[in-house]
Each structure stands twice: as C-alpha cells, then as structure tokens.
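Here is the structure we will look at, set down as structure tokens.
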Amino acid sequence: MTKKEPSEEEQDEAMSLRGKGMGMMSEGNNEEAINLFTEGIKLDNSRTVLFVKRATAYVRLQKPNAAIRDAKKALEINPDSAAAYKVLGKAEKLLGKWDDACRHFEEAQKIDYDDEMVELIRDIKPIATKIREHKLAVERRRKEKELKERIKRVKKAQEAQAKAKAEQEAREKEEMKSGGGPNMFNFAGGMPNFGGGMPNFGGGGAGGGAENFDFEAFMKKHGASMGGGMGAGGFPGFAGDADAGPSAETAAPPSQPEPTTAAAPEEPKVFEVPTDDLD
C-alpha cells in the first residue's frame with residue numbers, strides 16, 4: 001500500500017470513521033467496525049491506530065492472519081507502538097505461536113506497562129519457555145551434527161592424502177630397487193652376465209676362470225696390444241697416478257710413417273749385338 005498525503009479534511013474524516021468503528025466494536029459488530037476502519041485507511045493510511053483497531057477486530061473474529069498483517073503494518077509506521085505489539089501477540093497466540101506471542105507481549109510491556117499483559121505472559125510463559133528450550137536443543141543438535149560431518153570429511157581427506165603419500169613412497173622405493181635410483185652398482189639379480197666370459201680374458205666364465213687366472217702370463221701375451229701396458233697403480237690400458245707417465249689426454253700422438261714415393265719403372269735394357277760376327 002502506497003502511503004498518501006491526506007488533506008486536513010481527509011484526516012478529520014478518517015478520525016471520525018475510527019470513532020464510529022470503535023462504537024461498532026463496543027456493540028459487538030466487528031464486521032461493520034472493520035468496514036469503517038477500512039474506509040478510514042483509504043482516506044489516511046498513515047495512522048497507526050486505524051491498523052491497530054482493525055487488527056483488534058480481526059482477532060475478535062478469529063482471523064489471526066489478517067490481524068498479523070495489520071499489526072505489522074502498524075509497526076512499520078510506528079515501531080514503538082505497544083498496542084501493535086499487544087494485538088500482534090494475541091493473533092500469534094490464536095495460531096499457537098506461543099514463543100512469538102510471549103516475546104511480543106514482553107516487548108509491549110517494555111514500552112508501556114499493562115496489567116492485562118502481565119496475565120497473558122503468566123499464562124503462556126511456561127509453554128513459551130519449553131518451546132524455546134526445545135528450539136535451542138534442536139539448534140544445538142543441528143550444529144553438533146554439522147560439526148561431526150565436517151570432522152568426518154576432514155578425516156577422510158587426511159586418510160586419502162596419507163594413502164596417496166604412502167603409495168608414492170612405495171613407487172619410489174620400487175624404482176630404486178629396479179635400477180632407477182642413483183646407485184649405479186645396484187644390479188638386480190647380481191653382476192651382469194657377460195656372455196662368454198669377461199672381455200679378452202680367455203673365454204672362461206666370470207665365476208669359473210677367475211680363480212685359476214694367470215695374470216702374469218696374460219700380460220706377457222697381451223700387454224703389448226693393450227695400449228701402453230699397466231700404469232702405475234692402475235689397470236692395463238688405464239692411466240695410473242701422476243708418476244706413471246702422460247695420460248691419454250696429454251700423451252703425444254703416435255708418429256705416422258713417412259709417405260714413400262713409388263719407384264719409377266726400370267727401362268728395358270738394350271743389348272748390343274757384335275757386328276763382327278755378322279760379316
């Protein structure tokens with residue numbers, strides 16, 4: 001409903017209708033009272049009292065929802081109307097909204113003390129208190145349930161994270177065992193199998209010929225072909241310490257044979273035949 005700015009005549013007429021409506025209510029004619037209050041609201045809808053009186057008539061006719069609408073409209077116009085809180089509480093009491101009714105009665109008492117409100121509050125306070133306690137208990141259980149569910153979700157996420165971490169660590173260990181790690185000597189299954197024996201060691205297997213291997217005889221036979229023999233403190237063909245001679249990187253390259261020029265073919269010899277024998 002749009003608020004209008006009534007003229008002085010309209011305001012006076014609205015107040016006249018209010019008086020007539022209250023007269024109808026005192027006679028018990030609440031329907032006619034509602035009609036008169038409605039006409040007054042049409043002339044001036046800024047009057048809290050018109051909405052409060054019409055709400056009161058609705059309560060007497062056992063129409064709580066209509067009464068609640070008028071009471072809330074009256075509170076929009078004047079939030080400090082004790083009469084509006086009172087009629088609102090009565091309408092809520094008809095609907096069994098004990099907690100709301102008690103709360104609005106108590107609000108009305110704060111604004112304007114009324115003996116009638118004392119009786120109403122005393123009648124519904126025990127019920128309202130039980131309802132409030134029940135609402136608090138329901139809200140507490142709801143929050144506890146939400147907390148348990150949240151804890152459960154967090155725990156589940158932590159377990160999943162721990163499981164993923166354990167699986168990752170297991171994969172890394174397996175990769176290390178299978179040769180994927182940094183240890184270059186970690187051969188799965190032992191030393192690699194050199195088919196036919198160790199290279200250039202006489203064809204025997206790595207296990208069978210090693211015990212009977214004659215190193216001195218081997219060096220006599222193959223030393224010259226192993227690139228410089230034994231270096232001091234090293235293995236055949238590998239540089240030893242600094243006193244063993246120049247390393248492969250600093251050693252002078254082997255001398256190349258000087259190219260030879262091909263010999264010119266010999267000219268055929270001409271034999272002179274003695275001419276004396278031909279005479």
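The values are calculated or read from the model by the stated rules, or taken from the named source; none is laboratory data. Predicted, not measured: the structure shown is a model, and the values here were computed from it. Please note: Cβ atoms are built from the backbone with ideal geometry, for glycine as well, and neighbour counts cover all protein chains shown. Ligands, DNA and RNA are excluded from the accessible area calculation, which covers all protein heavy atoms including side chains. Shrake-Rupley method; radii C 1.70, N 1.55, O 1.52, S 1.80 Å.
Based on the Cβ-Cβ distance of His134 and Ser46, what FRET efficiency does E = 1/(1 + (r/R0)^6) give at R0 = 51 Å, to the nearest 0.05?
My answer for the efficiency is 0.80.
Can you give me the Cα centroid spacing of segment 91-166 and segment 43-69 in angstrom?
30
In the neighborhood of Lys143, defined by Cβ-to-Cβ distances under 12 Å, what is the net charge if each Lys or Arg adds +1 and each Asp or Glu adds -1?
Cβ neighbours under 12 Å give a net charge of +2.
Carbon and sulfur together cover what percent of the accessible area of segment 1-75 at a 1.4 Å probe radius? Could you put the intermediate results ahead of the total?
On the way: 1830 of 4070 Å².
Of the solvent-accessible surface of segment 1-75, carbon and sulfur hold 45 percent.
What accessible area per residue, rounded to a whole number of Å², is obtained for segment 97-175 using a probe radius of 1.4 Å? Write down the numbers at each step before the final one.
Numbers: 6490 Å² over 79 residues.
Spelled out: the 1.4 Å probe surface of segment 97-175, per residue, equals 82 Å².
Mind ordering 101-107, 62-68, 79-85, 114-120 by average Cβ neighbours within 10 Å, highest first?
101-107, 79-85, 62-68, 114-120
How do 92-98, 122-128, 164-170 rank on mean C-beta neighbours within 10 Å, highest first?
Values: 92-98: 17.7, 122-128: 14.9, 164-170: 10.0.
Ranked by mean Cβ neighbours within 10 Å, highest first: 92-98, 122-128, 164-170.
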